Structures are given as C-alpha cells and as structure tokens.
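Read the structure below first, then the notes.
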Amino acid sequence: MATAAEQWVLVEMVQALYEAPAYHLILEGILILWIIRLLFSKTYKLQERSDLTLKEKEELIEEWQPEPLVPPVSKDHPALNYNIVSGPPSHNIVVNGKECINFASFNFLGLLDNPRLKVAALASLKKYGVGTCGPRGFYGTFDVHLDLEDRLAKFMKTEEAIIYSYGFATIASAIPAYSKRGDIVFVDKAACFAIQKGLQASRSDIKLFNHNDMDDLERLLKEQEIEDQKNPRKARVTRRFIIVEGLYMNTGTVCPLPELVKLKYKYKARIFLEESLSFGVLGEHGRGVTEHFGINIDDIDLISANMENSLASIGGFCCGRSFVIDHQRLSGQGYCFSASLPPLLAAAAIEALNIMEENPGIFAVLKEKCKRIHKALQGIPGLKVVGESISPALHLQLEETTGCRERDVKLLQEIVTQCMDRGIALTQARYLEKEEKYLPPPSIRVVVTVEQTEEELEKAASTISEVAQTVLL
C-alpha cells in the first residue's frame, strides 16, 4: 500500500509539472541552477600571485606617500595672522600695541569692563572657585546657575529658562533636541553658522527660503501642505519648524516677526527664534524682537540667545514654556555633556541683568547711536551699508566686486588695517567658506556701543570714508 501511495504522489507531481506555466518552470529552473552554483562555488577568489621581487616591493613602499591630513593653508591666511589684544576689549582697546576706539567687539551695552560686574564675578570666584569640572547632571549645578535661570525667565517673561556654557552650542544643541529625522525645518538662507550646525545635527528635511521673504516661505509651506494631503498618515507624525534670527548676524536685518507668527498659525508650524544679536538691543527694555514688535512671547515656541554680547559674559540660554525647556535638560547635548558655566560668569550675567533693569533708557541711547552711524556711513565711495539703522552691527560691502573673492577680501582688509593705524579698530566678518550653506559677500563689520561718543562716531565714519577713497579709487 505504501508503495502504491508513493507512486500516486509521484504521478501527481509529474502531472503538475506538465500543467505548470512555462514561465513558472523557467523561473524554478533558474533558481535551482543558482542554488547549485552557490553550493559549489568558492566564496572568495585567491589573489593572483605578484611577480614583484622583495626589493621592488620595498621600493614601492618607500615611494608611497599618504594623503595629507588637512588641505594646505596659506601662511597669510587671516586665521593664522590674528591681532593680539592687550587689556579688556571695552570702549578703548589696545590691538598689536596700538590704542584704538573699539568698533569691533559686540560689547553693545558697555558692560564688559563695568566695575559692578567685576565685583560680582570676584565675589563668586572667592566663593566657588574658577570652574565647575562637571556637567549640570553630575555635580555641575550650582545655586548661582539656578538663580541666573530664574532671573532670565522673569526678565523674558517666560515660564522657564536653561543656560549653556557656550553661546554657539546653545542653538546648535536646541535644534536637534526637538527636530529629528523626518521632521521638516523651514529656515532663512541668511541663518548664522550655529543654526546651520544645529540643522546638520538634526538630520531633518531642510527647506530654505529667501532672506526675509515671506512670500517665498509661504510658497514652501503651501507645497508642503499639498504633500501632506497625499500622505495624511505620515503628516500627522511629522513636525514642522520655522527657524529665524531676530536680528541677523550676517545681514544686520530684523526678521518680520508679525508675518511669521501669522504663517505659524496658518500652517501649524513651530517658531524657533535665535536672538543673540537682538537680546539686550531691541525693545523698550531690551527683551528682543518680540518686545520690538509687541508680539506675545507665548506665540514663540522657543527663544535662544547667547550671553556673550549685551550681557558681556559667556554662554547662552533658551527660554519658553516649562515642558519645552525641561526637554533640553534631557536632550540638549551642550547642556548634558559640557562642563557647566563657571559660577563667576553666571554671577556677572546676573549683575548685567540688574543693570539692564535699572537703566531701561540705555536701549534708547544705543538705538539713537545706531541710527547716527548708519546715516554717517552712507555715500562712502566704493562701499555700501548693509543692515538696518537700528542694528548695532552693520556691514560695509564693496559696491562692485572685483570678480575674485580673495581680491575683495584683501581690499577690505587694507581698509581695516589703515583705519587701525588711524585709531579706529574694525574687523572683517569671518566665515568658514567651505562650510557655509550660502556664503555671504566679504564685508567690514562696524559695531556700535553705548560708550561711543558722537565725536567718536563721526571720527569713525570720516576715517572709513577717507581710507576707502585712498584704497578703492
């Protein structure tokens, strides 16, 4: 019986074979042949024997040269020929042994050499020592850090604030703490390098819009809305962010925040606002671009700024709602893995906030001086002013480029050098040329502070004009 059953099964298999489609049989045959080949073929090929002698091999090894670790850099590169400052870079600065009026440092409120900040920092130094030797989660949280965070939150009128020990790392850490792979970020093409590095770390889908062009931004938002309609399931889990600067470092222009807030609610996106240049500058009390435009700060999902400009300290901070800020304490790389801010710098920042609150008129003074220098710099032959009249950091660019960026940089550097010889300290804006997404044109940066007198502002403008005519005409 068993033999008959086996024969019957064999007959059925043969019959199924005859009834199967031709393409099915061909495919099975190819698969069988491929399996046989894999079973009997070798998994590697023996390397062919070299006919080189031992001496020839040694000669080849001796001749071989590895690729250089870094590309060659010219000896006259600006990064290798820096200016040396002696003493505090306050109102008057000594550069390379020459005393000049400082139009280069971002000491907008003149607090860098303020006696009150020095006293506060010295008292903290005696109490806590120099540094912290640990991040915030590992015995790096001092009571002065918590005091500073509380003061910043109250000053900005937000629920909570978090401080970082390095200004650049603040926004560069905040962005990837929230925006992840698959999320979409709409960012201004003129965004500073710290924002660019944060976007790179986030691995999100980046969509760039033209500088301060709200029509271009809305076009991108509409295109994304159409894409979301094609795949609503994916759209429900995709977060959308708009990232801008309050006052742009590379252009000296203010972002159109009211229009941005409208687009935020229309297209259901979140706004991150980088205010390193506008904090302590714009607004009646120096609270930045939100106060400047009268925007409710709750309409902004996250505000970040460094403490290295107006506060004359080091580090940076983010502020916003408590649940937003608390997430950075778990995910902000610069917060979690860097040693915390030295207590003496936190104490200095607190004292700087005290001065800002006690003297709200200082912001109107700064604004007036910005307008004065902006007007005085107009009409210089060969140069054009880039930036708004209320910006304390303006750019002077060549009206007509030579067609070669290197030659443009040399011309502007000659102006900077000759101005320094005449007692006016300026600087060129510096960029990592191979790293920038959109490399700004070469420019001289002119920085205004409250300490500069009307006579000094006029002297700076006239000196720049005279030197420019000598160099460019």
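Summary value for the chain: 19 percent relative contact order, contacts being C-alpha pairs under 8 angstrom separated by 6+ residues. Compared with the alpha-carbon gap, the fully stretched path from L432 to R329 is longer by 34.1 nm at 0.36 nm per residue.
Quick check for you: with a 1.4 Å probe and neighbouring chains kept, what is the accessible area per residue of the chain, in Å²? Heavy-atom SASA per residue in the chain reads 55 Å². A Förster radius of 45 Å combined with the Cβ-Cβ distance from R422 to E284 puts the calculated FRET efficiency at roughly 0.75. The spread of Cα positions in the stretch 93-250, taken along each principal axis and listed from longest to shortest, comes to 63, 42, 29 Å.
For the chain, with all protein chains in place and a probe radius of 1.4 Å, 57% of the accessible heavy-atom surface sits on carbon or sulfur. With each label modelled as a point 7 angstrom along the Cα→C-beta vector, the S462-V70 pair spans 4.4 nm.
Only helical DSSP H runs with n ≥ 4 go in: add -39500 (n - 2.57) per run for the chain, normalise by residue count and round the 222 nm mean residue ellipticity to 500 deg cm²/dmol. Could you put the intermediate results ahead of the total?
Values: 17 runs with 217 residues, N = 473.
The per-residue figure over the chain is -14500 deg cm²/dmol.
Sorting 368-374, 416-422 by their mean Cβ neighbour count within 10 Å, with the most densely packed peptide first, gives 368-374, 416-422.
In plain terms, the chain from L33 to Q200 could stretch by 55.3 nm, reckoned as 0.36 nm per residue minus the Cα-Cα distance. Once the convex hull of all Cα atoms in the stretch 269-377 is built, its volume per residue stands at 136 Å³. Here the simple spin-label model places points 7 Å from the Cα toward Cβ, and for N96 and S41 these points are separated by 6.8 nm. For a modelled paramagnetic label at V119, 7 Å from Cα along Cα-to-Cβ, the residues of the stretch 348-385 in reach, with backbone nitrogen under 18 Å, are 348-359. The shape of the chain can be summarised by an equivalent ellipsoid whose semi-axes, obtained from the alpha carbon gyration tensor, come to 57, 32, 26 Å from longest to shortest. Across the stretch 444-451, rounded Karplus estimates of 3J(HN,Hα) from the backbone phi angles (6.51 cos²θ - 1.76 cosθ + 1.60, θ = phi - 60°) give 9, 9, 10, 10, 9, 10, 6, 6 Hz, Gly and Pro being marked x. Equivalent-ellipsoid semi-axes for the stretch 81-149 (Cα gyration tensor, √(5λ), whole Å, largest first): 31, 15, 12.
Pull out a ≥ b ≥ c, the square roots of the eigenvalues of the alpha-carbon gyration tensor of the stretch 323-473, then state rounded if a/c is under 1.5, prolate if not and a/b is larger than b/c, and oblate in the remaining case.
oblate
Given R0 = 41 Å, the distance between the Cβ atoms of E63 and K230 translates into a calculated FRET efficiency of 0.10.
Rounded to the nearest 10 degrees, the angle from helix 143-156 to the longest Cα principal axis of the chain is 80 degrees. Using the Cβ-Cβ distance between E454 and V409 with R0 set to 35 Å, the FRET efficiency works out to roughly 0.65.
Let me have the relative contact order for the stretch 223-308, percent, based on Cα pairs under 8 Å that are six or more residues apart.
Over the stretch 223-308, the number comes to 26 percent.
When peptides 65-71, 352-358 are sorted by average Cβ neighbour count within 10 Å, with the highest value leading, the order is 352-358, 65-71.
With both labels modelled 7 Å from their Cα along Cα-to-Cβ, the K266 to S322 distance reads 3.5 nm.
The values are calculated or read from the model by the stated rules, or taken from the named source; none is laboratory data. Just so we're clear, the structure is a prediction, and the values are computed from it rather than from any experiment. Cβ coordinates were reconstructed from backbone atoms using ideal geometry, including for glycine residues, and neighbour counts include every protein chain displayed. Heads up: the accessible areas ignore ligands, DNA and RNA and are worked out on the full protein's heavy atoms, side chains in. Shrake-Rupley method; radii C 1.70, N 1.55, O 1.52, S 1.80 Å.
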